[in-house]
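Q: Pasting in a structure now, in structure tokens, and then I'll have a few things to ask.
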Amino acid sequence: MFKRSEQDKRPPVQIFVDGTAITARQGDTVSAALLASSRDVRRSTAVSGAPRLPYCMMGVCFDCLVTIDGVGNRQGCLVPVAEGMRIEIQKGKREIGK
Ligand code: FES
């Protein structure tokens, strides 16, 4: 979806997206890492199931909601990646307690 600059020399950070390891860069937000991963990272809304991708990248639109380390409905555009972080792409309605 997006291509990283070859001049980006920031240290790599390994995160897991739906169980698959991907390499982000130190300082990336979760949403930036997902968009740069070349994976299908579309979530689907709880009401209509419509696909969504991070849009505003500044905490306004809520189109970037993901589950991070077991906590749902986190705004990926506001959370920096951390080594070993586990991210799940939300699909439709969440179950209570997740
Ligand atoms: S991308 Fe808009 S709130 Fe995160």
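Q: If we scan region 60-81, do we find a residue that is in contact (Cβ under 8 Å) with a residue 60 or more places away in the chain and either assigned to a loop (DSSP other than H, G, I, E, B) or more than 15 Å from the ligand (Cβ to nearest atom) (or both)?
A: yes
Q: Here's something else I'd like to know. List the residue pairs whose Cβ atoms are under 9 Å apart, where the first residue sits in region 44-55 and is within 12 Å of Ile89 (Cα to Cα), the second is of a type in the set (Lys, Arg) and within 16 Å of the ligand (Cβ to nearest atom), and the two are 6 or more positions apart or on different chains.
A: Close Cβ pairs (under 9 Å, with a partner that is of a type in the set (Lys, Arg) and within 16 Å of the ligand (Cβ to nearest atom)) amount to Ser44/Arg52; Thr45/Arg52; Pro51/Arg42; Pro51/Arg43; Arg52/Arg42; Arg52/Arg43; Leu53/Arg42; Leu53/Arg43.
Q: Now for a separate question. Just wondering, is there one or more residues in region 63-76 that are over 10 Å from the mean Cα position of the chain (by Cα), within 25 Å of Lys3 (Cβ to Cβ), at pLDDT 95 or above and of a type in the set (S, T, N, Q)?
A: no
The values are calculated or read from the model by the stated rules, or taken from the named source; none is laboratory data. Treat the numbers as computed from the prediction; the structure is a model and nothing was measured. Please note: Cβ atoms are built from the backbone with ideal geometry, for glycine as well, and neighbour counts cover all protein chains shown.
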